[in-house]
Amino acid sequence: QRMDDESELVRGLFSDKAFASASEALDYAKDTCGFDFRTIRATMGLDFYGCVKLINFIRKQVAAKRGRMEAPALVAEISSAVSRKEFDKDEYMKPTIPDDALLFGIDDEEEGGDQRRRG
């Protein structure tokens, strides 16, 4: 039973902090790191698979560089790489984190995003 509870938690993009939903995780990344996933998705016109690649790319970069770079520098470097579309490779279709709840939550996030912004 405990594993089920944990698998529903969503890990943040730039930290190991756990959130109840994809929306909360993305809000936290925007508010604390200045990384606005929703705006990037909209600006780049990313579909579901583009979002999956972007999330896995970010997770892989964070795992490789966290501890060697301060958070603001890491976020800036990743943002720059994202703007160059370095994440747009098939290798990033493979989840960096097994059963990554954020990947499952971005579909719900996309559907509910407009309502949340208006109300």
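The values are calculated or read from the model by the stated rules, or taken from the named source; none is laboratory data. Note that the coordinates shown come from a computational prediction; the quantities given were computed from them, not determined experimentally. Glycine also receives a Cβ, built like all others from the backbone with ideal geometry; neighbour counts cover every protein chain displayed. Keep in mind that these areas ignore ligands, DNA and RNA; they rest on the heavy atoms of the full protein, side chains included. Shrake-Rupley method; radii C 1.70, N 1.55, O 1.52, S 1.80 Å.
Under the simplified labelling scheme, the Ala76-Ala42 pair shows an inter-label distance of 2.6 nm, with each label point 7 Å from Cα along Cα→Cβ. Stretching the chain fully between Lys89 and Lys30 yields a gain of 18.8 nm (0.36 nm per residue, less the alpha carbon separation). Estimated from helical segments only, the mean residue ellipticity of the chain at 222 nm is -20000 deg cm²/dmol, where each DSSP H run of four or more residues counts as -39500 (n - 2.57). In the context of the full set of protein chains, the chain has a per residue accessible area of 61 Å² (1.4 Å probe). Spacing of the modelled spin labels on Leu9 and Met69, each 7 Å from Cα toward Cβ, amounts to 2.6 nm. For the chain, the number of Lys pairs with C-alpha atoms closer than 15 Å, counting only pairs eight or more positions apart or on separate chains, is 7. In percent, rounded to a whole number, the relative contact order of the chain is 31, using alpha-carbon pairs under 8 Å and six or more apart. Between amide H atoms placed 1.01 Å from N, distances below 5 Å from Phe19 occur with Val10, Arg11, Gly12, all of them 5 or more places distant or on a separate chain. To put it simply, the accessible area of the chain at a 1.4 Å probe is 49 percent carbon and sulfur.
Over region 68-113, consider all pairs of different Cα atoms and compute the Kirkwood hydrodynamic radius from their mean reciprocal separation; express it in Å, one decimal. Averaging 1/r across every pair of different Cα atoms and inverting gives 12.8 Å.
Summarised as an ellipsoid, the chain has semi-axes of 20, 18, 15 Å, derived from the eigenvalues of the Cα gyration tensor scaled by 5 and square-rooted, with the largest first.
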